Amino acid sequence: MENFELVENDVPDPGPGEVLVESRYLSVDPYMRGRMRDAESYAEPWDVGDVMKAAVVGDVVESNHPDFESGDVVTGELRWAEYATADGDALQPVDPDLAPVSTALGVLGMPGRTAYFGLLEVAEPKPGDTVLVSGAAGAVGSAVGQIAKQNGCRVVGVAGAEEKTDWLTDDLGFDAAINYETADNLYSAVGEACPEGVDVYYDNVGGEITDAAFANLNEFARVAVCGQISLYNATEQPVGPRKLATLIEKKARVQGFIVSDFAVHFREATERLAQWVAQGDLQYEETVTEGFENMPEAFLGLFEGVNIGKQLVKVED
């Protein structure tokens, strides 16, 4: 935690067109790690000493924007802070009657939409396909598997603890799950869990798990590259890509994507996800860390696999 500093300041006043928000829940996400290094990426890096930012759900305290008033619940990207101001145009309203407001950061927020578009628009699953999901017990992966099941696919998840693999099969309806921590050979484990091969691979982690997935791809397989969390803390990038010959042989397609590519369809996705949640067809889990001062601990825990589902920080009342 020596790389983080907790600073106390006065509660800011909102300027013209701005809104003052009191945070209820703050999100921590793997992509934030990429913004901590000065390297080319889809998200601009933070400078040393900058205040971290995150997706936040909170209550409007004071508003100078016509679309919001005191007491409204909103979400947006705000500073890691108990109170923060934001341009009202950059905030979205949250309906507390739709689902618990925390879901605006998880299954009904960026992770849910990432699962929705990455699977349905990028990977294009067909009924009968075998879908392999890495990072399957996370907020994105767990939703991917359930959406794939609704689309008539056989679903196999990869996670790093027995508690997680049990959750995937017993609670979420995955057909099989692989614990990469205990598997003697990942290539064989994927082959055994996917005896007819892999038609869709939804990649959240990269590394050896992805190597094993590529070795088991079927002809015309589709790979959606969402994240590479196994590499985010690497001081040196491993040699690669190493499996391109497999893509030639299998005539497979690999496509990276960013959820913001589909921004014009966010409302449609959120409404559909909310319907599935209300019907009980899309389950979710939240790992909640209490106390704003524990934001760094919650963030670093992502890379140790301590969370099941969406990792959130709840600001204590």
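All of Pro16, Pro30, Pro12 fail the test of being at pLDDT below 85 and not small (Gly, Ala, Ser), apart from Pro30.
The single residue among Ile229, Ile209, Ile178 that is open to solvent by 30 Å² or more (accessible area, probe 1.4 Å) and within 17 Å of Ala136 (Cβ to Cβ) turns out to be Ile229.
Scanning segment 131-166 for residues that are in contact (Cβ under 8 Å) with a residue 60 or more places away in the chain and either surrounded by fewer than 23 Cβ atoms within 10 Å (Cβ to Cβ) or part of a helix (DSSP H, G or I) (or both) gives Ala139, Val140, Gly141, Ser142, Ala143, Gln146, Ile147, Gln150, Gly160, Ala161, Glu163, Lys164.
Go through Ala84, Ala148 for me and flag whichever is of a type in the set (Gly, Ala, Ser) and farther than 19 Å from Leu312 by Cα. Exactly one residue qualifies, and that residue is Ala148. Give all pairs with beta carbons closer than 7 Å in which a residue from segment 95-115 that is assigned to a helix (DSSP H, G or I) and at pLDDT 95 or above meets a residue that is among the β-branched types (Val, Ile, Thr) and open to solvent by less than 10 Å² (accessible area, probe 1.4 Å); count only pairs at least 6 apart in sequence or on separate chains. Close Cβ pairs (under 7 Å, with a partner that is among the β-branched types (Val, Ile, Thr) and open to solvent by less than 10 Å² (accessible area, probe 1.4 Å)) amount to Val101/Val57; Ser102/Val57; Ala104/Val57; Leu105/Val57; Ala115/Val144; Ala115/Ile147. Only a single item in (1) touching a Phe, Trp or Tyr at 6+ places or on another chain (Cβ under 8 Å); (2) open to solvent by 10 Å² or more (accessible area, probe 1.4 Å); (3) not basic (Lys, Arg) is not met by Ala54, and it is number (2). In segment 273-287, the residue that is nearest to Thr103 (Cα to Cα) out of those that are surrounded by fewer than 15 Cβ atoms within 10 Å (Cβ to Cβ) and touching a residue at least 40 places away in the same chain (Cβ under 8 Å) is Ala278. Glu196 fails exactly one of the following numbered conditions: (1) touching a Cys at 6+ places or on another chain (Cβ under 7 Å); (2) more than 23 Å from Leu282 (Cα to Cα). What is the number of that condition? In the conditions (1) touching a Cys at 6+ places or on another chain (Cβ under 7 Å); (2) more than 23 Å from Leu282 (Cα to Cα), Glu196 misses (1) alone. Checked against the criterion of being open to solvent by 20 Å² or more (accessible area, probe 1.4 Å) and assigned to a strand (DSSP E or B), segment 64-72 has no qualifying residue. The residue that is surrounded by the most Cβ atoms within 10 Å (Cβ to Cβ), counting only those in segment 305-317 that are under 15 Å from Asp29 (Cβ atoms) and not hydrophobic (A, V, I, L, M, F, W, C), is Lys310. Testing Ala183 on (1) out of contact with any Asp or Glu (no Cβ under 6 Å at 6 or more places or on another chain); (2) aliphatic (A, V, I, L, M); (3) in contact (Cβ under 8 Å) with a residue 24 or more places away in the chain, one condition comes back false. Which one is that? Failing condition for Ala183: (3).
The values are calculated or read from the model by the stated rules, or taken from the named source; none is laboratory data. In this text, all values refer to a predicted model and were calculated from it rather than measured experimentally. Reconstructed Cβ throughout: ideal geometry from the backbone, glycine too, with neighbour counts over all protein chains shown. Accessible surface areas use protein heavy atoms only, side chains included; no ligands, DNA or RNA. Shrake-Rupley method; radii C 1.70, N 1.55, O 1.52, S 1.80 Å.
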